[in-house]
Amino acid sequence: MRFSPISFLLGLGAATVLPIFSRAFRPFAVEATALGMTVVEEVRRIAAEQMENLEDIVAEARVRQEELAASAIAAEDHEAELNESGAEAVSEEPPVARPRRRAGGRVRAHAP
């Protein structure tokens, strides 16, 4: 193998420049890593808050569902008591005619 002065000088230059470059690059790499860690922690915090909000909504929906079920059972019990006593169930409000839905999602009101 032959000795090449150009390759030798390029090797010396790389050996000189590489430590200088790594010393200059290291603080940048540390700052970039710190910023990345901060972003990851912030994303985790936001995700935890959103999960907590979602859990709150689900809990409220369950309570609401239980309330509706309890009121339906109470209404059935009340109606059964009225039927057993021979009294006729009297509705305070007249029934409201609800519009029927069409296949296209449009609503058309029917005349009574």
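The values are calculated or read from the model by the stated rules, or taken from the named source; none is laboratory data. Just so it is clear, the structure is predicted and the values come from calculations on it, not from any experiment. A quick note on method: Cβ atoms are made from the backbone with ideal geometry, for glycine too, and the neighbour counts reach across all protein chains shown.
Would you be able to say whether some residue in region 97-109 is assigned to a helix (DSSP H, G or I), among the basic types (Lys, Arg) and at pLDDT below 95? No, region 97-109 has no match at all. All of (1) surrounded by fewer than 10 Cβ atoms within 10 Å (Cβ to Cβ); (2) modelled with pLDDT of 95 or more; (3) among the aliphatic types (A, V, I, L, M) hold for Ile20 with one exception: (2).
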